[in-house]
Amino acid sequence: MIALRSILFNTIFYANLITRMIVLSPYYFVVPRLTAYAIPKNWARSNHWLMRIIVGTTFEIEGLENLPDGSYILAPKHQSFWDTYALLPRLKDPVYILKRELMWIPLFGWYAKKQRMIPVDRGARGKVMVEVLKRTKEELSTGRQLIIYPEGTRRPPGAEPVYKFGIARMYRDLGIPVVPVAMHPGLFWPRRSFRRYPGHFKVKILPPIMPGMDPDAFFAHLIEVTERASDELLIDTVERNPHLPLPPTAVERLRELRRLKAATA
């Protein structure tokens with residue numbers, strides 16, 4: 001049954017994406033940018049509805065009160081395609097730094113360009129990165145929210161964290177708060193798998209880290225608070241959803257957390 005529901009969801013998910021981009025393009029490319037942003041935000045809401053109706057997956061968000069006014073960097077855990085769009089409806093005017101290759105995709109790249117997303121060559125150095133930082137500052141000066149995944153790529157739930165120091169440089173150079181986000185959508189929408197699993201999980205928005213810290217101290221603090229919250233959510237999510245097939249990384253991390261708990265009891 002899970003396989004059938006997963007196939008049905010995936011089929012409708014991508015049909016929903018492509019159909020909306022084609023049908024709504026005349027409207028999207030004529031109206032002002034902020035008005036047009038309602039289209040991807042409504043697409044995200046429709047995906048949540050599809051997950052709930054077809055797969056049986058629901059979620060809740062804790063800590064919305066921790067989102068500052070104005071510009072900030074949102075720094076979520078990255079485990080799944082789900083977390084690339086899930087928070088869009090909750091953000092006023094988000095902007096992403098994207099791999100430049102994504103901007104070449106028909107329709108998707110045009111949509112991203114309309115929203116002034118910032119393309120970057122992942123191997124870029126020097127002047128290119130200076131230009132990316134300049135573009136980022138220009139966008140944030142209008143009150144936008146920058147979404148950065150501190151680990152850079154999707155990681156399986158419970159995996160040893162591999163944070164990139166680039167977020168510490170952005171924190172230093174931009175001088176705005178960083179808001180960590182812990183969650184485990186990868187237990188329900190695993191990377192590199194077509195299967196989608198039913199259940200319920202939490203997204204936890206943590207208190208913002210205000211500007212002014214030393215970059216090294218900030219980096220260590222970001223990892224510590226995010227991973228502590230992730231560990232708590234991993235335990236909570238697995239207890240709420242005992243039916244979930246866990247990846248080896250999650251099994252090992254849970255085993256380690258239980259050992260630590262027993263040692264301190």
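The values are calculated or read from the model by the stated rules, or taken from the named source; none is laboratory data. Remember, predicted model here, so these are calculated numbers, not experimental data. Cβ atoms come from the backbone with ideal geometry, glycine included; neighbour counts cover every protein chain shown. For accessibility, only protein heavy atoms count, side chains too; no ligands or nucleic acids. Shrake-Rupley method; radii C 1.70, N 1.55, O 1.52, S 1.80 Å.
A compact table of results
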| quantity | calculated |
| --- | --- |
| Taking the chain and dividing mean pair separation by its residue count, relative contact order in percent (alpha carbons under 8 Å, at least six apart) | 25 percent |
| Alpha-carbon radius of gyration plus Dmax, which is the widest Cα pair, for the chain in Å | 18.9, 62 |
| Radius 10 Å from Cβ of residue 150, net charge of other residues (Lys, Arg +1; Asp, Glu -1) | +1 |
| Nearest-10 value in Å² for the accessible area of residue 43, using the 1.4 Å probe | 30 Å² |
| Distance (nanometres) between label positions extended 7 Å along Cα→Cβ at residue 264 and residue 142 | 4.5 nm |
| Zone residues, region 193-220, relative to residue 90, backbone N less than 16 Å from point 7 Å out along Cα-to-Cβ | 200-209 |
| Region 28-98 - percent of accessible surface contributed by carbon and sulfur, probe 1.4 Å | 58 percent |
| Euclidean distance between Cα centres, region 147-214 to region 44-61, Å | 20 Å |
| Estimated distance in nm for a label pair at residue 19 and residue 162, the labels positioned 7 Å out from Cα along Cα-to-Cβ | 3.9 nm |
| Whole-number percent relative contact order across region 1-131, with pairs defined as alpha carbons under 8 Å at least 6 apart | 24 percent |
| Largest-first ordering by accessible area, 1.4 Å probe, given options 167, 223 | 223, 167 |
| Accessible-area value, residue 154, 1.4 Å probe, nucleic acids and ligands omitted, Å² | 80 Å² |
| 1.4 Å probe accessible area per residue over the chain, in Å² | 51 Å² |
| With eigenvalues of the C-alpha gyration tensor scaled by 5 and rooted, region 6-60, Å | 25, 14, 5 |
| Electrostatic dipole magnitude of the chain [Cβ: Lys, Arg +1; Asp, Glu -1; Cα centre; debye, to 20] | 860 debye |
| Computed accessible area, residue 134, all protein chains, 1.4 angstrom probe, square angstrom | 110 Å² |
| Antiparallel %, DSSP beta bridges [both residues in region 1-264], to 5 | 15 percent |
| Rg/Rh ratio calculated on Cα atoms of region 105-257 (Kirkwood radius) | 1.00 |
| Spacing of the two label points (7 Å from each Cα toward its C-beta) at residue 38 and residue 134, in nm | 3.6 nm |
| Spatially proximal lysines relative to residue 41 (Cα-Cα < 23 Å; intrachain offsets below 8 disregarded) | 77, 92, 99, 113, 114, 202, 204 |
